[in-house]
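Student: I'd like to ask some things about the structure below.
No value in this document is a laboratory result; all are computed from the given coordinates. Small disclaimer: the values here were computed from a predicted structure and weren't measured. Quick reminder, even Gly has a Cβ in these numbers, built from the backbone with ideal geometry, and neighbours come from all protein chains shown.
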Amino acid sequence: MTPPRRLNHLGIAVASLDEGLKVWRDQLGLAVHEVVELPERGLRIAFLPCGETMIELLAPLRDDSEVSAFLAKRGPGIHHVCVEVVDLAAATGHAEAAGTKMLGAGPSIGAEGFPVRFAHPKSTAGVLVELLEKA
Ligand code: CO
């Protein structure tokens, strides 16, 4: 398997985008590249590039959003780490053969519009890992 390319982004759960933008834009000086709403996942997401990688702020639009349980349990903080791979099927196959439990039946399309697949944090030492294929 070709090794992963880079850390694509860090996903950070916040109670609101205002809370996250206060830190990453106002306090740390990053620029906002894009804000997207994904109603089907209950999320509002802001992307703030930082060199070769990106900060992805994930805020809930409703109580049953994809980050609501995380926020209720742990409060705001690092939610996932996204590793960019050359070939998602090959990377997933390699990960599974090495004992990683992948979530879902197959890839889905992530917030950036590229195919992604998550690994269960119980099989990755507590870190929710997102694998992303960018052609
Ligand atoms: Co992500």
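Student: Rounded to two decimal places and with Rh computed the Kirkwood way over Cα pairs, what is Rg over Rh for segment 50-135?
Tutor: Rg/Rh for segment 50-135 comes to 0.97.
Student: So for segment 6-133: antiparallel DSSP bridges make up what percent, rounded to the nearest 5?
Tutor: Roughly 75 percent of the beta bridges in segment 6-133 run antiparallel, per DSSP.
Student: Further question on the same structure: With n ≥ 4 as the cut-off for DSSP H runs, can you work out [θ] at 222 nm for the chain, using -39500 (n - 2.57) per run divided by the number of residues, rounded to the nearest 500?
Tutor: Computed ellipticity for the chain at 222 nm equals -4000 deg cm²/dmol.
Student: OK, next. Residues in segment 88-102, backbone N under 17 Å from the label point at ALA69 (7 Å along the Cα-to-beta-carbon vector): list them, ranges by number please.
Tutor: 101-102
Student: Return the lysines within reach of LYS73: Cα separation strictly under 24 angstrom, same-chain partners fewer than 8 residues apart disregarded; answer none if there are no such residues.
Tutor: In chain and number order, the partners are LYS22, LYS101, LYS122.
Student: Looking only at segment 47-79, which residues have a backbone nitrogen under 13 Å from a spot 7 Å from the Cα of ALA15 in the C-beta direction?
Tutor: 60, 71-77
Student: Among SER65, SER16, which comes first, then next, by fewest other beta-carbon atoms within 10 Å?
Tutor: Fewest-to-most ranking of SER65, SER16: SER16, SER65.
Student: If you don't mind, there's one more thing I want to ask. Ranked by Cβ crowding within 10 angstrom, fewest neighbours first, how are ILE109, ILE78 ordered?
Tutor: ILE109, ILE78
Student: In addition: Can you give the direction-averaged projected area of the convex hull of the alpha-carbon atoms in segment 1-107, in nm²?
Tutor: 7.7 nm²
Student: Once fully extended, how much extra length lies between VAL127 and VAL86, figured as 0.36 nm per residue of separation less the alpha-carbon to alpha-carbon distance?
Tutor: Between VAL127 and VAL86, full extension yields 12.7 nm more.
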